[in-house]
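What follows draws every value from the coordinates through simple rules; no lab data is involved. On a predicted model such as this, the values are computed, not experimentally measured, just so you know. Backbone-built Cβ (ideal geometry, glycine too); neighbour counts: all protein chains shown.
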Amino acid sequence: MRLSAVVGDLRKVLAAEARTGERAAMSAIRTETDQVKGELSQQVTGSLGGNARGIANAWWSQIFPRTGRSLRPAGLVWTKVPAIIDAFERGAVIRAKGGRKFLAIPTGFNAARGRRGRGEKGMRVTPGQMVASGQAFLRPFKSGRGYVWCLPLRAGEQTGRRRRTRLIAGGVAEIGTSNRKGREAWARGMLERGMAPMVLLLPQVTLTKRLDVKGAAERGLRRLPGRFAAAWDRESGRAA
């Protein structure tokens with residue numbers, strides 16, 4: 001058994017120890033909360049791909065108390081898109097609502113990027129515009145479970161110094177506006193096809209379970225005691 005003596009005012013010594021514990025607790029909960037948040041973001045990009053970076057960045061965190069210190073702090077991690085996270089956490093079947101037969105899902109050609117062409121549900125061209133154009137046509141899937149809704153393509157007037165090939169879908173919107181390498185050859189190939197798949201029409205979409213939010217939280221809780229003990233040792237050393 002090891003005995004140690006307290007030298008000085010006991011109340012001051014205990015108060016100092018309490019402050020050390022508060023600093024250690026705040027440090028541990030802050031570090032662990034950041035790690036859980038980072039793990040959840042990595043789960044999204046790892047499971048859903050780089051195009052889901054917006055969903056990954058929708059994870060937020062907060063430490064309580066917001067000011068000051070406490071021996072009983074708390075860390076909260078939440079998402080700004082809970083419906084999407086819940087669907088990929090549980091796995092879900094998404095069906096069309098309101099008596100509609102099909103879900104309208106924009107393809108990569110029709111997905112809005114940045115401020116350009118932002119329309120209904122992130123589409124450059126909405127279903128209403130597809131119908132109003134009078135040029136849209138359907139191509140069935142080989143499986144017979146849905147359709148690809150297409151618009152004819154034509155070359156638009158070349159503008160700017162680069163004089164690049166412009167692709168106009170059904171006279172409604174321009175597609176393929178990026179400046180990536182090989183873009184001109186790709187654009188000429190699209191014109192030869194004469195059409196752009198703009199919308200997928202599906203009766204339902206099945207999302208498989210790809211995220212483990214509960215598991216990330218439980219792993220964080222298991223790490224927390226060890227993290228707290230290590231933080232207390234560091235803070236005690238600084239106090240000494």
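Relative to the compact-globule scaling 2.2 N^0.38 Å, provide the ratio for the alpha-carbon radius of gyration of segment 17-144. The partial results should precede the final answer.
Numbers: Rg = 22.1 Å, N = 128, 2.2 N^0.38 = 13.9 Å.
Normalised Rg, Cα atoms only: 1.59.
Cross-link partners of Lys214 among lysines, defined as those whose alpha carbon lies under 28 angstrom from its own and excluding same-chain residues fewer than eight positions apart: Lys37, Lys80.
For segment 137-146, 3J(HN,Hα) computed residue by residue from phi via the Karplus equation (6.51, -1.76, 1.60; θ = phi - 60°) reads 9, 9, 10, x, 5, 4, 6, x, 9, x Hz, glycine and proline entered as x.
Give, as ranges by residue number, the residues of segment 69-86 whose backbone N falls under 19 Å from the point 7 Å along Cα→Cβ of Ala15. Correct set: 69-71. For segment 154-216, the list of trypsin sites (Lys or Arg not before Pro) that fall in a loop by DSSP and count at most 11 other C-beta atoms within 10 angstrom reads Arg161, Arg162, Arg163, Arg180, Lys181. Using C-alpha pairs under 8 Å with a sequence gap of at least 6, the mean separation divided by the residue count of segment 132-240 gives a relative contact order of 24 percent. Its DSSP H runs of at least 4 residues, each contributing -39,500 (n - 2.57), put the calculated 222 nm mean residue ellipticity of the chain at -13500 deg cm²/dmol, to the nearest 500.
For the chain, the longest principal axis of the C-alpha atoms and the axis of helix 213-239 are separated by about 40°.
Rounded to the nearest 0.05, what FRET efficiency do Gln204 and Arg30 give with R0 = 41 Å and r taken as the Cβ-Cβ distance? Could you check? Could you put the intermediate results ahead of the total?
Working: r = 43 Å, r/R0 = 1.04.
So the FRET efficiency works out to roughly 0.45.
With the charge dipole of the chain set up from +1 on Lys and Arg Cβ and -1 on Asp and Glu Cβ about the Cα centre, the Cα lying farthest toward the positive end among the listed residues Ser61, Gly146, Thr33 is that of Gly146.
Pairs of Cα atoms nearer than 8 Å and 6+ residues apart set the relative contact order; for the chain it is 26 percent.
Helix 183-193 axis versus longest C-alpha principal axis of the chain: approximately 50°, rounded to the nearest ten. For Lys97, a cut-off of 19 angstrom between C-alpha atoms picks up these lysines, skipping any fewer than 8 places away in its own chain: Lys121.
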